[in-house]
Amino acid sequence: MIKKHYVLLFLILANLFWAGNYVFGKYVVTELSPLQISFSRWLIAVFLLFPIAHWIERPNWKEVWKEWKILLVMALLGITGYNFLLYEALRFTTSMNAALVNAMNPALLVLFSSLLLKERISLRVGLGLLISLMGVLLVLTKGQLQQIFHINYNQGDLFMLMAILVWTFYSIIGRKLKNVPPISATAISVLFGILILLPFFLLSGGIHDPISKQATIGILYMGILPSVGSFIFWNISIRQIGPSRAGVYLNLITVFTAILSLLLGNTITYVQIIGGILVFIGVYLTSQSTEAVPITTRTNTASKNL
């Protein structure tokens, strides 16, 4: 069992790297298609993941490969599906708006974890989720909460909605791979993802035009930190505390995206600052809670965990 403060650090780093993926992705998508970006970043990642997995976890690869069906589904969802939809979304919307739509993900994770994994959500977790969501809505509506039902979402926002649905199921399925080391599972999923993307990448003509230095740096960043670091940290964390509690931390993507945008010269308002503070308060409350436990069912003689 990993200590709680390490899980907290892993979740913060995972979401920080993912926020960078939103920011860099917005620049790279102007030069490369979502398919080209997805294939390139995972090709870089796979050469790092297998050595890291073998060095740290020393897995029995035969045992890992026995779970190939679940790992293939995870590849379809988290490796190919989510990232393709994210980069497609960034063609039509801003990185900040994509991050804000992504903030709906924790609520979906709580809902589907409760329905599919029978997780009981504690009052503290629920309160943390609501406070974090309130912070995100403040940013989304620029402080005018009554406008939340009057916002017109563009095509990019709809792609992001599909992306977070895909990510929700990826995270829930990942919870079931308790007997497979998380880095090894990620490495196999990425390999499957590359094999799935390869024929489409070749049919598209590959990358035939030279790309800028900025785009090259962006691809390298996405291939190392979000692809390797974030996925490893995320998969370790959901096994420790469950997808519903880990999901609340996804709200940090919005805050980190705002901070990175500010560092790149964009402005930030006092409403965004207040919203960010609320997000951190919500995450803190959630981190102090005990682990979500399965809902129990009573028989005439005893209670058993489902």
Of the accessible area of segment 193-244, computed with a 1.4 Å probe and all protein chains kept, carbon and sulfur make up a percent value of 75 percent
Which FRET efficiency, nearest 0.05, do Leu203 and Arg124 yield, Cβ-Cβ r, R0 35 Å?
-> 0.10
Roughly to the nearest percent, how much of the accessible area of segment 1-51 is carbon and sulfur, given a 1.4 Å probe?
-> 76 percent
Orientation-averaged projected area, Cα convex hull of the chain (nm²) = 17.4 nm²
Checking rank on 105-115, 67-77, with mean other Cβ inside 10 Å and highest first, the result is 105-115, 67-77
Rg to Rh, two decimals, where segment 1-48 supplies the alpha carbon set and Rh follows Kirkwood = 1.14
Could you do me a favour and compute the accessible area per residue for segment 161-257, 1.4 Å probe, result in Å²?
-> 35 Å²
When ligands, DNA and RNA are left out and all protein chains stay put, how many square angstrom of accessible area per residue does segment 60-103 have with a 1.4 Å probe?
-> 42 Å²
Using the structure shown, list the pairs from Lys66/Lys213; Lys3/Lys62; Lys69/Lys213 with a Cα-Cα distance above 32 Å, or answer none.
-> Lys66/Lys213; Lys69/Lys213
Quick one: how many Å² of Leu263 are accessible to a 1.4 Å probe, rounded to 10?
-> 140 Å²
Could you give the semi-axes, largest first, of the ellipsoid that matches segment 176-238, computed as the square roots of 5 times the alpha carbon gyration tensor eigenvalues and rounded to whole Å?
-> 28, 17, 6
Once all protein chains are kept in place, Lys118 shows an accessible area at probe 1.4 Å, nearest 10 Å², of 90 Å²
Value of D in µm² per second that Stokes-Einstein yields for segment 1-118, Kirkwood Rh from Cα pairs, at 10 °C (1.306 mPa s) | 95 µm²/s
Per-residue ellipticity at 222 nm for the chain, helices alone: DSSP H runs ≥ 4 residues times -39500 (n - 2.57), over residue total, nearest 500 deg cm²/dmol?
-> -22000 deg cm²/dmol
Of Ala215, Ala258, Ala98, which has the largest mean-square fluctuation in a 10 Å C-alpha GNM of the chain?
-> Ala215
For Arg120, distant residues with modelled amide H under 5 Å away = Val293, Ile295
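The values are calculated or read from the model by the stated rules, or taken from the named source; none is laboratory data. Only a predicted model underlies this, so the values are computations on that prediction, with no experimental measurement involved. Cβ atoms come from the backbone with ideal geometry, glycine included; neighbour counts cover every protein chain shown. Each accessible area value is taken on the protein alone, full model and side chains, heavy atoms only, with ligands, DNA and RNA left out. Shrake-Rupley method; radii C 1.70, N 1.55, O 1.52, S 1.80 Å.
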